[in-house]
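The values are calculated or read from the model by the stated rules, or taken from the named source; none is laboratory data. Here the structure is a predicted model, which means the values were calculated and not measured. Neighbour counts run over all protein chains shown; Cβ positions are idealised from the backbone, glycine included. Just so you know, the surface numbers come from the protein's heavy atoms only, side chains and all, with ligands and any DNA or RNA stripped out. Shrake-Rupley method; radii C 1.70, N 1.55, O 1.52, S 1.80 Å.
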Amino acid sequence: MKETFYITTPIYYPSGRFHIGTAYCTVLTDSIKRYKELKGYDCFMLTGLDEHGQKIQTVAEKNGITPKEHVDNMAKQAKELWNLMDIKYDKFIRTTDDYHIEAVEKIVQKFIDNGDIYKGVYEDWYCMPCENYFTDTQLIDGKCPDCGREVKKMKEESYFFNMKKYQDWLVKFYEENPNFIEPESRKNEIFNNFINPGLEDLCISRSSFDWGIKMPNDPKHVLYVWLDALTNYITALGYMSDDDSLFKKYWPADLHVVGKEIIRFHGIYWPIFLHALGLELPKKIYAHSWIVMKDGKMSKSVGNVIYPETLIERYGLDATKYYLLRLMSFDKDSMFTPEDFVERYNSDLANDLGNLLNRTIGMMNKYFDGIIPTNITINTDFDEQLEVFIKEKINSFERNMDTYHVSNALIDLWSIISRTNKYIDETSPWILVKEDTEKLKSVMFHLAETLRKIAILLKPFMYNTSISILNQLNIDEEGTWESLLSSNIINENTKVIEKGEPLFVRLDKDEEIEYIKNKMKNN
Ligand code: MSP
């Protein structure tokens, strides 16, 4: 039986259109899932929407529709976007789904029965855009510490979850599982800010609005949206339902991919909720950083928002995905600029990758009527160096992907592409054709073989490009990880396409930078 791999994205607040920052998280998750599939895992990817809470109610009221109408519209939009971006999710959960609501009610009842919940009075500062509550000391200059916006004083009778009871357990858990959160800096943040000073009990109900799941014992109160939302990772698998076969098969999750600003919820409350339910904990939480703009955060009022559709329509899906995944470092915010986008497109995609395929197809046709030479008898002085280099880089790619350093894995892959371009210059096929056709055969075989490997390595990120490379080489194979490790896949008499389509057409730098800038201003 195949080993399972359960991976999740955060579920999004459907309060506005998704920009490239919000799309990044899902593209990242999708690429990790596809990599794991390539490695032979039985994968399950969950995404969806976090549809309750005051923010959603307020946005809907502003638009003159009911919250349910609003979230229905947004769910349609989200699914259309993931479809456009070819995201291979297995389930799309909406927290307004009946099965989720029923399961959450049972979960809360279980907490009540366990004595984890008590009634008290809640008084704090509330940031509506973040759906988050802060104490006096957490505010920065009297504003929300996460987004810098105005906060509102709240005082109401509420239910609390007894977090303090689990403090010692949580500290011990982290001692025993030091790599539970990556990168480490994010773990340190929650230790310094929340765990070391001593956990506060968490207010888990609200009575000042009603768009949420009702407390089973007191329906005047609705559940705090984070308790409702976090449980999606298990309710989506049928936990607490009549059919929990998916839960039995896939839980515990192998990886929760989340943004850095929601690590507190995933690194403190989620483990405690699970422990209180007597469930196993996920294996890892990866808190990625943010895509930022020159003038800070993406915001409509600043006029610097860029939507994935804008880039996809003009530059294609694969270029957009490549850019996002290559841009983001593992643990630091990374800046999107139109200049960088166009530069990378031209250098990495049109020049390095596009030219490698183009030159190979051209030479194969010119020198061997398009037939990829197979039975190689003589090697050039450069073949072994190339082979060793590729082997090392594939190992490094694998290590990086296994530890979710996706941008670094792409750097490994592109170093294979650059090295292979250099190999063409080193071996100079245009000279070999006059002097040593046996050696030329070896060069052309190595080029086709390396491009085949490149196509397989591209599969998790740029699926269409991967298929296009294999089609142009006329190599018919499934492209599994195993076939990557072999060098005897290409059949005799394989004939490449006569004239290949360029994978990526070089962009006019100034024109395209202007185009993207205009789109950002007018969004
Ligand atoms: N609803 C919660 C998640 C609940 S999970 C149980 C939420 N939703 S969100 O819509 O506000 O954010 C969704 C994700 O988008 C977060 O992980 C957040 O970090 C990510 N991003 C939002 N803007 C981003 C960037 N500019 N860059 C990268 N990711 C960003 O939080």
| note | Going through (1) in contact with a Gly (Cβ under 9 Å, 6 or more places away or on another chain); (2) within 15 Å of the ligand (Cβ to nearest atom); (3) open to solvent by 10 Å² or more (accessible area, probe 1.4 Å) one by one, N232 fails only at (3)
| note | Only one of M163, M154, M128 is more than 30 Å from E280 (Cα to Cα) and open to solvent by less than 20 Å² (accessible area, probe 1.4 Å), namely M154
| task | Could you tell me whether region 329-341 includes any residue that is modelled with pLDDT of 95 or more and touching a Leu at 6+ places or on another chain (Cβ under 6 Å)? | result | yes
| remark: Among the residues of region 313-329, the number that are within 13 Å of the ligand (Cβ to nearest atom), in a loop (DSSP other than H, G, I, E, B) and open to solvent by 10 Å² or more (accessible area, probe 1.4 Å) is 1
| task | Would you be able to say whether some residue in region 375-384 is part of a helix (DSSP H, G or I) and in contact (Cβ under 8 Å) with a residue 40 or more places away in the chain? | result | yes
| Failed item in (1) within 13 Å of the ligand (Cβ to nearest atom); (2) open to solvent by 20 Å² or more (accessible area, probe 1.4 Å), with N217 passing the rest | (1)
| said: Looking only at region 288-311, how many residues end up being of a type outside the set (F, W, Y), surrounded by fewer than 21 Cβ atoms within 10 Å (Cβ to Cβ) and within 24 Å of M401 (Cβ to Cβ)? | reply: 1
| note | Among residues of region 9-25 being open to solvent by less than 30 Å² (accessible area, probe 1.4 Å) and near the ligand (Cβ under 7 Å from one of its atoms), the residue nearest to R326 (Cα to Cα) is Y24
| remark: The residue that is modelled with the lowest pLDDT, considering only those in region 293-306 that are of a type outside the set (A, V, I, L, M) and within 12 Å of the ligand (Cβ to nearest atom), is S299
| said: Give me the residue from region 247-292 that is touching a strand residue (DSSP E or B) at 6+ places or on another chain (Cβ under 7 Å), away from the ligand (no atom under 13 Å from the Cβ) and in a helix (DSSP H, G or I) and, out of that set, farthest from L227 (Cα to Cα). | reply: K249
| request: Run I490 past the list (1) at pLDDT 95 or above; (2) closer than 19 Å to M364 by Cα; (3) assigned to a loop (DSSP other than H, G, I, E, B) and report the number of the one that doesn't hold. | output: (1)
| Residue among Y41, Y35, Y6 that is surrounded by fewer than 21 Cβ atoms within 10 Å (Cβ to Cβ), closer than 30 Å to A409 by Cα, away from the ligand (no atom under 14 Å from the Cβ) and in contact (Cβ under 8 Å) with a residue 12 or more places away in the chain | Y41
| remark: Going through region 1-31 in order, the residues found to be outside any loop (DSSP other than H, G, I, E, B) and in contact with an Asp or Glu (Cβ under 7 Å, 6 or more places away or on another chain) are T4, F5, Y6, I7, Y12
| message | So if I check each of S185, S207, which one is in contact (Cβ under 8 Å) with a residue 24 or more places away in the chain, more than 14 Å from G267 (Cβ to Cβ) and surrounded by fewer than 17 Cβ atoms within 10 Å (Cβ to Cβ)? | response | S207
| field | Only listed residue being in the same structural domain as E387 (by TED's automatic domain parsing), at pLDDT 95 or above and surrounded by fewer than 20 Cβ atoms within 10 Å (Cβ to Cβ), chosen from K434, K441, K453 | value | K434
| request: Can you tell me which residue among I87, I93 is surrounded by 16 or more Cβ atoms within 10 Å (Cβ to Cβ) and in a loop (DSSP other than H, G, I, E, B)? | output: I87
| query | Does any residue of region 41-49 turn out to be assigned to a strand (DSSP E or B) and farther than 17 Å from V257 by Cβ? | reply | yes
